[in-house]
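Here the structure is laid out as C-alpha cells; the discussion comes afterwards.
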Amino acid sequence: MMARQWINCGINHAAFAYAMTTLGSSMINNIFSFYYVKLFLNKYNISESAFHQSQVVYMVWNAVNDPLFGYLQDNSRVPCCSQRRLSILYGAPLYSLSFLIAWFPWSTYSSGDWLSGLHLTVALCAFDALLTFVLLAQCALFAEISSHHHNRLRLIKYNQLASLIGSSSVLFCGMVSTNMENFKAFQAFTVLIAIISCICMMYTGIYSKSRFDSKVYELVDQECADKGASKTVCSLSMLKSLTWQILTNRDFQLFVVMNFFQVFILAFFNNFTMIFMEHLIPVDALPSLAKSFMYGAGFILPQLLVLSSQSLLQSLGYYKIILFTFVLEGGMAVLMFILGPQRYYFLAFFLTINMVIIQAAFSLFGLPLADIIDTDLQKYKRSSPLSSMVFGTNALFTKPAQSLAPMIVLNIMNQFGYEKLKDVGQESNQRALESLHSVMFYLVCLIPMCVAILQVLAWRPFSIRNSHTVDSKYIDT
C-alpha cells in the first residue's frame, strides 16, 4: 500500500512537472497564433506578396527543422540535446524571447514596406525553431514518462489543466489591450507573459525526467564499429534507415494525413476567427467585450472538454472520440450553411464551438503518436524509443499546413477586395463589402465541411484502437 502511494506520488509530480511546459508554452503560443496575422496585415500593412513569401520560407523551415531536431535529440551525445529536461531548461529562455520579436516593429512601416516582410519571416522562423526544440522534448517525455495508458491519461489531465490556465492569456490579452486596439498595453502584456512562461518551462527542465535518461545511446556507435565507417557517414545512414522505418508504418501514414488537415483547420480558425467575427457579426449584434470573451472561450473551453472526457477516454478510447469530433464538425458546418449568414448569434457560437472541438481533439493526438512509438519500439526491438524522431517526422508533413491555411485563405479573400476593405470602420463600397462577406461565410462553412470528410476517410482505417484496454505494452523501468 505504501509502495503504491509512493509510486502514485511520483507519477503525480512527474505529471505536474511535465505540465508546466504546457502552461508556459500555451500562454505564448495561443497569443502568437491568434494575433500575428491580424497584426501584420492590419497594423504593419504587409503586402500580400511579402506575406506569402514569408509564409513560404516559414513553411519550408517549419517542416525541415522538426525531423532534424528530432534526430538530434534522439541520437546526440550532448546532454542539452539528448536529455529531454535539459533541452527544455536551456531552450525555454530563448523560446520566450523569440515570442517577443513579432510585437515590436523595427521601424514605422509604410504600406507594403519590405522590412515588414523581413520582420515577419524572422519572427515566424525564430519562434518556430525554439518552439520545436522545446516542445519536441516535451512530446518525447509524454511517451517516455510511462507506457501505462492510465498514467498517460493522467499526463493529459494535468496537461489540460495547465493548458486551461495558459489559454486564458488570450482572454486577458484581449481585455487589457481592447483586442489589440491599445497597442502599448498589448506589448506590455506580451513581455509579462514571456517572463511567466519562461519560469514555468524552466520548472519542467529542473524537475522532470524520462525513463530513458540514464540509458546510453550506443546504437550508432555499434553500427559504425561493425561497418568500420566514420561516425558522420554512419549517422547519415542511420538517419535514413530510421526515417524509412517510421515512414513505412501504415498507422503513422494514416495519422499524418489526418493530422495534416487538423493542423490546417486549426490554423484556419486561430488566424481568421477574429477577422471573420469583425466582418460577419455587426457591433450592435455582439459588442467588443462579448467578442473578447468568445475569443477567450475558444482557447479555454477545449481543456475543460478534455478534462470532462477522461472517463470516456478510459472506456471508449481515443479512436472513437476523435472520429466523432470529425463527424460533429462536418455536421455543424452543414447546419450553419443551411441557416445562412444572418443568424449572427449562431454564427458566433459556430465559430467558437469549432475552435473548441478542433483544439480539444488535437489535444488527444499525443495518445495515438505514443502508441505508434510503442509499436515501433516493439517491432524493431529498440533499446530506447525514437520519440522525438516520430514526433519530428510527423511535423515534417503536417507543419506546412500552418502556412498553407493563411496563404490560401488570404489569397481567396484578396480576390474579393479584402486588402482594401479590411478596416471595418472605414467607408467602403457596400456591394464589394457584401461580396467579401459572402465569400467569408462560404469559407467558414465549406472549409470545415471538406476537411471533416477527408479526416474521416483518413482516420477510419487506423488500426491501433484498443490501447485503452491494455495495461502496459512494455515494462516501465
| Applying the selection to segment 111-127, what residues are more than 19 Å from Asn62 (Cα to Cα) and part of a helix (DSSP H, G or I)? | Trp114, Leu115, Ser116
| remark: Of (1) of a type in the set (A, V, I, L, M, F, W, C); (2) modelled with pLDDT under 90; (3) under 18 Å from the mean Cα position of the chain (by Cα), Ile7 satisfies every one except (3)
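Yes/no matrix, rows are residues, columns are (1) closer than 26 Å to Pro385 by Cβ; (2) buried (at least 21 other Cβ atoms within 10 Å of the Cβ); (3) outside the structural domain of Lys157 (by the TED database); (4) at pLDDT below 80:
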site: Ala15; (1), (2), (3), (4): yes, yes, no, no
site: Ser33; (1), (2), (3), (4): no, no, no, no
site: Phe40; (1), (2), (3), (4): no, yes, no, no
site: Lys43; (1), (2), (3), (4): no, no, no, no
site: His52; (1), (2), (3), (4): no, no, no, no
site: Asn62; (1), (2), (3), (4): yes, yes, no, no
site: Leu68; (1), (2), (3), (4): yes, no, no, no
site: Asn75; (1), (2), (3), (4): yes, no, no, yes
site: Leu86; (1), (2), (3), (4): yes, no, no, no
| Inside segment 395-408, can you point out the residues that are crowded, with 21+ Cβ neighbours inside 10 Å and touching a Phe, Trp or Tyr at 6+ places or on another chain (Cβ under 7 Å)? | Thr398, Ala401, Ser403, Ala405
| note | Here the residues within segment 157-185 that are open to solvent by less than 20 Å² (accessible area, probe 1.4 Å) and outside any loop (DSSP other than H, G, I, E, B) are Gln160, Ala162, Ser163, Gly166, Ser167, Ser169, Val170, Cys173, Gly174, Ser177
| Test for Ser438: is it in contact (Cβ under 8 Å) with a residue 60 or more places away in the chain and either under 23 Å from Phe69 (Cα atoms) or β-branched (Val, Ile, Thr) (or both) | no
| request: Please go through segment 253-289 and pick out each residue that is small (Gly, Ala, Ser) and either part of a helix (DSSP H, G or I) or surrounded by 20 or more Cβ atoms within 10 Å (Cβ to Cβ) (or both). | output: Ala267, Ser288
| said: free of Cβ contacts under 8 Å to residues at least 60 places away in the same chain and aliphatic (A, V, I, L, M): which single residue out of Val170, Val122 fits that description? | reply: Val122
| message | Return the residues of segment 97-139 that are among the hydrophobic types (A, V, I, L, M, F, W, C), over 18 Å from the mean Cα position of the chain (by Cα) and open to solvent by 30 Å² or more (accessible area, probe 1.4 Å); say none if nothing qualifies. | response | Leu97, Leu100, Ile101, Phe104, Trp106, Trp114, Leu115, Leu118, Val122
| query | Tally time: how many residues in segment 238-259 are within 12 Å of Asn394 (Cα to Cα) and without any contact (Cβ under 8 Å) to a residue 24 or more places away in the chain? | reply | 1
| All positions within segment 316-358 that are under 23 Å from Glu434 (Cβ atoms), open to solvent by 40 Å² or more (accessible area, probe 1.4 Å) and touching a residue at least 24 places away in the same chain (Cβ under 8 Å) | Phe337, Pro341, Tyr344, Tyr345
| query | Do we have any residue at all in segment 280-293 that's touching a helix residue (DSSP H, G or I) at 6+ places or on another chain (Cβ under 8 Å) and basic (Lys, Arg)? | reply | yes
| Got at least one residue in segment 140-148 being under 26 Å from Ser33 (Cα atoms), outside any helix (DSSP H, G or I) and under 20 Å from the mean Cα position of the chain (by Cα)? | no
| note | Apart from one, (1) more than 25 Å from Asn270 (Cα to Cα); (2) modelled with pLDDT under 80; (3) more than 17 Å from the chain's Cα centre (by Cα) all hold for Ser388; the odd one out is (3)
| request: Would you tally the residues in segment 57-110 being more than 24 Å from Met407 (Cα to Cα) and assigned to a helix (DSSP H, G or I)? | output: 26
| Close pairs from segment 186-201: first assigned by the TED database to the domain that holds Phe99 and buried (at least 20 other Cβ atoms within 10 Å of the Cβ), partner not charged (D, E, K, R) and not in a helix (DSSP H, G or I), Cβ under 6 Å, at least 6 apart | Phe186/Met180; Ala194/Leu100
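Within the bounds of segment 243-252, is there any residue that is buried (at least 20 other Cβ atoms within 10 Å of the Cβ), more than 29 Å from Leu89 (Cα to Cα), in contact with a helix residue (DSSP H, G or I) (Cβ under 7 Å, 6 or more places away or on another chain) and modelled with pLDDT of 80 or more?
Yes, segment 243-252 contains at least one residue that is buried (at least 20 other Cβ atoms within 10 Å of the Cβ), more than 29 Å from Leu89 (Cα to Cα), in contact with a helix residue (DSSP H, G or I) (Cβ under 7 Å, 6 or more places away or on another chain) and modelled with pLDDT of 80 or more.
Considering only segment 290-313, I want to know if a residue exists there that is within 20 Å of Leu39 (Cα to Cα), among the aromatic types (Phe, Trp, Tyr) and surrounded by fewer than 21 Cβ atoms within 10 Å (Cβ to Cβ).
yes
The values are calculated or read from the model by the stated rules, or taken from the named source; none is laboratory data. No experiment lies behind these values; they were computed from the predicted model shown. Here the Cβ is made from the backbone with ideal geometry for all residues, glycine too, and neighbour counts use every protein chain on show. Areas reflect the complete protein model, heavy atoms only, side chains present, ligands, DNA and RNA absent. Shrake-Rupley method; radii C 1.70, N 1.55, O 1.52, S 1.80 Å.
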